[in-house]
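See structure below.
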Amino acid sequence: MRRSEFDRAVADEFHGRASAVVTDLVLSQVGGRTAAEAIEVGVPPRDVWSAICEELDVPAERRYGVGRLEPRAR
């Protein structure tokens, strides 16, 4: 998962709360850091996304594939 895919996944799932989820929510699975801090120190965005999903009980059907790049037009 690229950073842009992570950003899209968070925005798609949390809408207006996305910024707060990334900057305010402390995630134990990534060392007691916020998502922004974890990504800044090199935690892969996919791992951060998974930690957010676990922490906020995002249903499994909305975890996989969310935030993927849109297919290119041919």
Q. When you scan segment 8-18, how many residues do you find that are over 13 Å from Ser50 (Cα atoms) and under 11 Å from the mean Cα position of the chain (by Cα)?
A. 5
(Q) Considering only residues that are touching a residue at least 40 places away in the same chain (Cβ under 8 Å), among the charged types (D, E, K, R) and within 21 Å of Pro59 (Cα to Cα), which ones fall in segment 1-41? (A) Glu5, Asp7, Arg8, Asp12, Glu13
(Q) Condition check: under 19 Å from Arg2 (Cβ atoms) and more than 11 Å from the chain's Cα centre (by Cα). Does Val43 satisfy that? (A) yes
Q: Go through the residues of segment 42-52 one by one and say whether even a single one is in a helix (DSSP H, G or I), without any contact (Cβ under 8 Å) to a residue 40 or more places away in the chain and of a type in the set (Asp, Glu).
A: yes
Q.
Checking the structure you have, find out if any residue of segment 13-22 is of a type in the set (D, E, K, R), in contact with a helix residue (DSSP H, G or I) (Cβ under 8 Å, 6 or more places away or on another chain) and assigned to a loop (DSSP other than H, G, I, E, B).
A. no
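Among the residues of segment 38-74, write down those that are at pLDDT 80 or above, of a type outside the set (A, V, I, L, M) and exposed (fewer than 10 other Cβ atoms within 10 Å of the Cβ).
Matches in segment 38-74: Gly42, Asp57, Pro59, Glu61.
The values are calculated or read from the model by the stated rules, or taken from the named source; none is laboratory data. Small disclaimer: the values here were computed from a predicted structure and weren't measured. Here the Cβ is made from the backbone with ideal geometry for all residues, glycine too, and neighbour counts use every protein chain on show.
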